[in-house]
1. If you take the beta carbon distance between E53 and A256 as r and set R0 to 45 Å, what does 1/(1 + (r/R0)^6) give as a FRET efficiency, to the nearest 0.05?
2. Calculate, for R278 and T142, the FRET efficiency according to 1/(1 + (r/R0)^6) with r their C-beta to C-beta distance and R0 30 Å; round to the nearest 0.05.
3. Would you mind checking which residues have amide H under 5 Å from G310's amide H? H placed 1.01 Å from N; only 5 or more apart, or other chain.
4. If you take the beta carbon distance between S180 and D334 as r and set R0 to 30 Å, what does 1/(1 + (r/R0)^6) give as a FRET efficiency, to the nearest 0.05?
5. Tell me, what HN-Hα J-couplings in whole Hz come from the Karplus equation 6.51 cos²θ - 1.76 cosθ + 1.60 at θ = phi - 60° for each residue of segment 111-116, using x for Gly and Pro?
6. For segment 233-372, compute Rh as the Kirkwood radius over C-alpha pairs and then the Stokes-Einstein diffusion coefficient at 4 °C and 1.567 mPa s; write the answer in µm²/s, rounded to an integer.
7. Could you calculate the contour length gain from A237 to D292, that is, 0.36 nm times the residue separation minus the distance between their Cα atoms, to one decimal place in nm?
8. Applying the Karplus parametrisation 6.51 cos²θ - 1.76 cosθ + 1.60 with θ = phi - 60° to the phi angles of segment 356-362, what ³J(HN,Hα) value in whole Hz is obtained for each residue in order, glycine and proline being reported as x?
Amino acid sequence: MRRLGNTRRTRRRTRRTSRTIAAGAACTAALAVLTAVPAQAAHGPRHRTPHWELKDSGSPDVRFRGLAAVSRNTAWVAGTRGTVLRTTDGGASWRNVSPPGAAELQFRDIEAFDARRAVVLAIGEGEASRVYRTDDGGETWTESFRNTDARAFYDCLTFFDRRHGLAMSDPVDGKFRILSTGDGGRTWKVLPSEGMPAAQDGEAGFAAGGQCLVSSGPKDVWLATGGAARARVLHSADRGLTWTASDTPIPAGDPARGVFALAFRDRTHGLAVGGDYRADQTSPQPAARTADGGRGWQPAAEPPPAYRSGVAWLPYSRTAALAVGPTGTDLTTDGGRTWRTVDTGSYDTVDCAPDLGCWASGEQGRVARLES
């Protein structure tokens, strides 16, 4: 029996390894297309370049700042009017799975574990900040947290795995407040503030695209800030108990400026994007990168041309990532040193699944999947 069990385990490992290799090969091929510069052959058609293909969400009056990419087929979006949608057929159809009684809420972040399990965050002062969880694809929701402190305003959430996660609030009593869960978002508790550095005057997070709090691996998490004299990134290596703060070159000094989104492909390599969200203001340096876990940040040599509110690494790539904002999408193929605009559509956030199912969402019900 032991020999049979070992054989079964070996076969399972072999199948998992084969699937991983196949997925990696597919993603590598897709990435090669994505990073290619379009060229006109002398006697042939122009090569098709990757592009966002809009999917009809059926919600033109909703702005989707919350996005969770599960795969090329499955994605969740969350936004204004308490709206949550889910697709399981690549965006061909969307099911409205909004929590009942949530029409007055503003959903800004959603984290999905699969097609059935997801956690969504509503932002706002006092009781407007809430967390809901579903285990049945949105058929039913449980409100697992409601903020009762009028001074708190929750902006973003993130999960290390299916059980452990954090949510962050703008400073209360001079420090960012961190909420923690160890059961997949079913219950939450406020973490002690002793390990959190003091906030700057006017410093806060931006609930612009669900990426002001991001994690990588089992314990590392980063928090993006703005609105103060310096735009900073805070890092914790122990799931939010203690933090260190580092300055970034992204301009701040105004309530509308700072770091809006972060993405880490591992515990050392990260990207930060932001700028000034006002359409009539320029953002001369809206992107930066780090190779030491956020201790030091370097500005992009060729940054995106304007404010960006979302960023995501492409799976299976050490150098390629996408950044999005109201004026377009930019691609880097050198780890954030240089960026070039590849699309001019308006999006607030972007997320990629392991099978290279990259999605973007934003205003006027816009949801799109990356196609090549």
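1. My answer for the efficiency is 0.90.
2. Working: r = 38 Å, r/R0 = 1.26.
That pair, R278 with T142, gives E of 0.20.
3. Residues meeting the amide H criterion: V324.
4. On the way: r = 36 Å, r/R0 = 1.20.
FRET efficiency, S180 to D334: 0.25.
5. 10, 10, 8, 6, 6, 10
6. Working: Rh = 15.1 Å.
Value of D from the Cα-based Kirkwood radius: 86 µm²/s.
7. Working: separation 55, 0.36 × 55 = 19.80 nm, distance 1.27 nm.
So the chain would gain 18.5 nm between A237 and D292.
8. 6, x, 9, 10, 9, 8, x
Throughout, read-outs are computed from the coordinates displayed, never taken from laboratory work. Source: prediction; values computed, not measured. Don't worry about glycine lacking a Cβ; one is built from the backbone with ideal geometry, like all the others, and counts go over all protein chains shown.
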